[in-house]
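Written below as structure tokens is the structure these notes are about.
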């Protein structure tokens, strides 16, 4: 029964995109961008990155509009033919799977470091996968509603904790603006863009919209809000820890919150809040990407989504355990980001052109 | 959706978790919480010596002695008051070695309750140790450890650091006292902004020189007095600033929150005091080719809070005169500070570098490597302007 | 006891077969007598009508009928002297009287029916009517003398408000419908009647606003009610459990309430009310999570206080659900996440407590639950005494004995008080139940376990639907118009539209 409440509204799509973007990146972003740019101007890089992502997202929206009610996996083979389509779908599925396992692994690393030292990582990951799997069974509607529940919680707690760190914020650490020109800013764009990975879920989500035309608005809102999150993070972290202090820390945002205590408030220390919302965000990113890949497999092989999930979760578990160290994990993250950029920066425009060309040819024959 | 497969899965998972569960669980009362640590030059404590004589092997070269201040849980319990008063709420225990982490883990074989560092508030490093070792080496463990928060403060003690973690006042915990004293910045200029581990990290990474609060101890009493100067290039302590010089730096940076200026009347030699209500300094760096100079403009407002001059009631100095006297005094402090920085230690301890970084980012790229020596050759011009805006509850 | 009236009597086969009254007084009386064999409160009164020798008999159940009405309006007029009173009217003269004569001229009873089937007559008698058998007539007059045993209208006990109507539903369905209609004159209010139960039939009505409620929703509810297949529906709780979406869920998927104003407000939002005879609890469907934290008072008070109360209740709900779990996770897993001073005082007070924090918390929480359950069943005068004893024993003595730490007592007390602040009783139960699961999660994985628990709970809630409406809404729908009546209660002039999720026919509430 597909009733009114099972369609995704534009707001829901925006919220899902936001939740997918906000993932592991929020803890590492200050380090990765500053490492590339070496100036405090990285917040400009992030804004530019967000702008680029909006453009890329628009292409996907245009593409999706040509095939209403269809996911990427369904329409790609209509554009490129069956075999190439299946191949491209398989790559996208694999990509989503890797993102899901990357997020899960990052979760287990951070949780193991700050919350549960000594707990084996399988004990951290398995319940998480199970809870995630339970949600995914509910389909896109349930996913979107979950994102809608946790986004306000995340937003309020995040900006509150960031605001509390104002005590150790020093505007001097952010100056001078553009002191070394624009070059470092441009260098910072690449890692900045990597943290915006998540817009590609639109390839799947748009199919569930009643009014896919409004997806463009969702992309804009869905990118601007993470931009606000990221800019706040980077500004507060650099303002407190300085450019030089940021580069050495594995999880700089955690260190920002750990760098101050406010006695007198009930909770003197606030890292638990950050961790809680971060785990929630990882959860939403994980479920969305996992769903995207499970849906792909289901649509490609024509199997039941639920049985696909049952097989997929163990695979993701194995993949998440593959990196041997944090260094390898970070590398995986970088590789994933680059893949995403190539895959979703280049593929959709190509497909769009191809699809238009095909349509044009058809029209030509008809007329 | 089938009911039973789900139920089965729930049961299996719960079962697994409960069977193996609670890996990280450790009740709070089964832990030793330490709140402060003092790092001294390695010298074995008496207990350690005896332990070693009985056969405890120790291959380390005894570079560092770490003294932990552990909260003893019985102190805070709601037991009867007389017993509480007689008991110290903390206990200090020391270990020696050349790896800080090794020393920490040594306690596992010496105490039944494992020590945890989540609540560590302060590290006191003895001057001698800081002179001989790079700070980033000394503190490396604290940065890597996931228990210890980067909000923990760092101070230097010119004497033995472990002495600063002692007190004669029953019921008080010295580490907390040290942290509490850092809040007194609105009362005195001798307390500089507290440097936490995370702030220190920034200094150490960027290679700038900086100052750390110096704390003195005598018979269980402690006092913040002056500061230790850490040279950015070597990351070692190169000397101290006395209280006057420290005040000079505070005036230069305009970073004081409150405090006083004491001066003497030129004629009578009587004391007078100016309570600082606000303090502001604007530092402008001027680049003339490679030649740098600084213009500092210091402004302050405050009240005349004490004047030992009631004998000659009709010949009081005017407000202008008073201001001049105080300004003179401040200039004296600043001169001392600049002299010490530029001529004796030849380091920039007052963060002039960041002004160059902000105002001349290109130039900074070329000078930052050797900033301390560039700084010691850059002239500093300053102006001091004090304004007495009120006289307290008296009319003048 | 509830078997058919006509069958089962031993001895007389002829009687057993008789389905209709015969008009033969002797025979009819024997039929009736046999039917009443097992009803010791049935009364059969024989009499002669109007000073003639026409035999008649009235049958009624003493406990169900209005005896004085029978006495004054049936027996007395029947036994008056017809010849004197109805001079010239000779319809009774020929050894019998017609029913219409009695109804039109003699009996002063407002409700009546003529009936010849034994079973129908007997079931009417068993519901409190009086049957009048007249010699020579096959038709039996069934006269309405029902005197329902109902209590007077009272203030609902389980949902008291400071400001708002004091009236609550009662056990009598007709009264309840009347109360609902009395909320205001409205010709849109549809009240549809159903009979539920296979052996014992009970009346059930669904009420909705014709012009507002989503017709699909109404159809769905009708379909589910029609599907009820059970001997007897005792309480609206049965209906609730028989028509809800997910019986595994810990959440109530229909709202039960004793308050007519609450039902009416729900109807005005486009929801559907379900009222069952014999219970003061009406059901409202569909329900969303946010409704469980709302009270009619929110709207009666000004919007600022209304909003604050809502936030307070939200806080109470979170407290009630998570505080013991957080206590466990902070004490046993993350001593580094609590303030130093607090850690020190807990350290001191926990010294010597022989249990782990989970066991400690379980002991206290279970004791509190037992105390609450015991207090519920106790007669009113003993209740408070029980509370004091329990409080003293659990609080003071357990701490003194060193079994639990004082901090935990505070935790448990706050939790218990918080769970009382939830305006819906069954929502409170849900939270109390889930609290224990949260505690176990915390004991296994600390704060991470609590977060996972919360996520699982959220996942469940977003998957759950109550009659097609997502349960977690409006939390799970970022719609400004719906959020105006969620954690905040916007000023009434601003609440212009009905909840969008219900997809009502008419969306404007105002303006």
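Only a single item in (1) closer than 22 Å to residue C:454 by Cβ; (2) assigned to a helix (DSSP H, G or I); (3) within 19 Å of the chain's Cα centre (by Cα) is not met by residue C:287, and it is number (2). Among the candidates A:15, A:11, A:59, single out the residue that is in a helix (DSSP H, G or I), within 14 Å of chain C (Cβ to nearest Cβ) and surrounded by fewer than 22 Cβ atoms within 10 Å (Cβ to Cβ). A:11 is the lone residue from the list that is in a helix (DSSP H, G or I), within 14 Å of chain C (Cβ to nearest Cβ) and surrounded by fewer than 22 Cβ atoms within 10 Å (Cβ to Cβ). Total residues in region C:454-482 satisfying the condition of being part of a loop (DSSP other than H, G, I, E, B), more than 7 Å from chain A (Cβ to nearest Cβ) and closer than 14 Å to residue A:141 by Cβ: the figure is 3.
Conditions (1) under 24 Å from residue C:499 (Cβ atoms); (2) assigned to a helix (DSSP H, G or I); (3) modelled with pLDDT of 85 or more, marked per residue:
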{"position": "C:160", "(1), (2), (3)": "no, no, no"}
{"position": "C:167", "(1), (2), (3)": "no, no, yes"}
{"position": "C:175", "(1), (2), (3)": "no, yes, yes"}
{"position": "C:222", "(1), (2), (3)": "yes, yes, yes"}
{"position": "C:246", "(1), (2), (3)": "yes, no, yes"}
{"position": "C:253", "(1), (2), (3)": "yes, no, yes"}
{"position": "C:256", "(1), (2), (3)": "yes, no, yes"}
{"position": "C:262", "(1), (2), (3)": "yes, yes, yes"}
{"position": "C:274", "(1), (2), (3)": "yes, no, yes"}
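To keep it simple, each residue is scored yes or no on (1) away from chain B (no Cβ under 14 Å); (2) in contact with a helix residue (DSSP H, G or I) (Cβ under 6 Å, 6 or more places away or on another chain); (3) in a loop (DSSP other than H, G, I, E, B); (4) more than 27 Å from residue A:34 (Cα to Cα).
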residue	(1), (2), (3), (4)
A:178	no, no, yes, no
A:190	yes, no, no, no
A:202	yes, yes, no, yes
A:237	no, yes, no, no
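Just one of (1) over 23 Å from residue A:17 (Cα atoms); (2) assigned to a helix (DSSP H, G or I) fails for residue A:133. It is (1). All of B:160, B:190 fail the test of being closer than 17 Å to residue B:349 by Cα, touching a residue at least 12 places away in the same chain (Cβ under 8 Å), in contact with a strand residue (DSSP E or B) (Cβ under 7 Å, 6 or more places away or on another chain) and in the same structural domain as residue B:93 (by TED's automatic domain parsing), apart from B:190.
Of the residues that sit in region C:483-501 and are in contact (Cβ under 8 Å) with a residue 12 or more places away in the chain and within 11 Å of chain A (Cβ to nearest Cβ), which one is surrounded by the most Cβ atoms within 10 Å (Cβ to Cβ)?
The residue in question is C:486.
Among the candidates C:279, C:288, the residue that is closer than 17 Å to residue C:422 by Cβ, surrounded by 23 or more Cβ atoms within 10 Å (Cβ to Cβ) and more than 14 Å from chain B (Cβ to nearest Cβ) is uniquely C:288.
Run down A:136, A:157 and say which single residue is crowded, with 24+ Cβ neighbours inside 10 Å and either within 18 Å of the chain's Cα centre (by Cα) or more than 22 Å from residue C:471 (Cβ to Cβ) (or both). So that I can check it myself, show each step before the final result.
On the way: A:157 fails: crowded, with 24+ Cβ neighbours inside 10 Å.
Selected residue: A:136, the only one of A:136, A:157 that is crowded, with 24+ Cβ neighbours inside 10 Å and either within 18 Å of the chain's Cα centre (by Cα) or more than 22 Å from residue C:471 (Cβ to Cβ) (or both).
Starting from residues that are part of a loop (DSSP other than H, G, I, E, B) and more than 8 Å from chain B (Cβ to nearest Cβ), keep the ones in region A:250-265 and report whichever is farthest from the chain's Cα centre (by Cα).
Step one: filter region A:250-265 for residues part of a loop (DSSP other than H, G, I, E, B), giving A:250-251, A:259-262, A:264.
Add one more test, that the residue is more than 8 Å from chain B (Cβ to nearest Cβ), and what stays is A:250-251, A:262, A:264.
Details: A:250: 19, A:251: 17, A:262: 32, A:264: 36 Å.
Looking at residues that are part of a loop (DSSP other than H, G, I, E, B) and more than 8 Å from chain B (Cβ to nearest Cβ), I get A:264.
Among the residues making up region C:325-365, those that are under 25 Å from residue A:257 (Cα atoms), touching a residue at least 24 places away in the same chain (Cβ under 8 Å) and in a helix (DSSP H, G or I) are C:325, C:326, C:327, C:328, C:329, C:330, C:331, C:332, C:337, C:345, C:346.
Against the condition surrounded by 24 or more Cβ atoms within 10 Å (Cβ to Cβ), touching a helix residue (DSSP H, G or I) at 6+ places or on another chain (Cβ under 7 Å) and within 9 Å of chain A (Cβ to nearest Cβ), how does residue C:451 come out, does it pass?
Details: surrounded by 24 or more Cβ atoms within 10 Å (Cβ to Cβ): yes; touching a helix residue (DSSP H, G or I) at 6+ places or on another chain (Cβ under 7 Å): yes; within 9 Å of chain A (Cβ to nearest Cβ): yes.
The answer is yes for residue C:451.
The condition of being part of a loop (DSSP other than H, G, I, E, B) and in contact (Cβ under 8 Å) with a residue 60 or more places away in the chain holds for only one of B:247, B:257, B:277, that being B:257. Somewhere in region C:231-248, is a residue within 14 Å of another protein chain (Cβ to nearest Cβ), touching a strand residue (DSSP E or B) at 6+ places or on another chain (Cβ under 9 Å) and in contact (Cβ under 8 Å) with a residue 60 or more places away in the chain? Yes; the residues of region C:231-248 include at least one that is within 14 Å of another protein chain (Cβ to nearest Cβ), touching a strand residue (DSSP E or B) at 6+ places or on another chain (Cβ under 9 Å) and in contact (Cβ under 8 Å) with a residue 60 or more places away in the chain. Could you list all residues from region B:167-184 that are assigned to a loop (DSSP other than H, G, I, E, B), closer than 16 Å to residue B:67 by Cβ and in contact with a helix residue (DSSP H, G or I) (Cβ under 6 Å, 6 or more places away or on another chain)? Within region B:167-184, just B:167 meets the criteria. Selection of region B:308-333 for residues being within 33 Å of the chain's Cα centre (by Cα) and modelled with pLDDT under 85 yields an empty set. If you check B:328, B:321, B:344, B:365 for being surrounded by fewer than 20 Cβ atoms within 10 Å (Cβ to Cβ) and either in a strand (DSSP E or B) or within 14 Å of chain A (Cβ to nearest Cβ) (or both), only one passes: B:365.
Checked against the criterion of being under 30 Å from residue C:463 (Cβ atoms) and more than 11 Å from every other protein chain (Cβ to nearest Cβ), the candidates C:317, C:300 yield just one match: C:317. In region A:235-245, the count of residues that are modelled with pLDDT of 90 or more, closer than 26 Å to residue C:341 by Cβ and either out of contact with any strand residue (DSSP E or B) (no Cβ under 9 Å at 6 or more places or on another chain) or surrounded by fewer than 24 Cβ atoms within 10 Å (Cβ to Cβ) (or both) is one or more.
The values are calculated or read from the model by the stated rules, or taken from the named source; none is laboratory data. These figures come from a predicted structure and were not determined experimentally. Cβ coordinates were reconstructed from backbone atoms using ideal geometry, including for glycine residues, and neighbour counts include every protein chain displayed.
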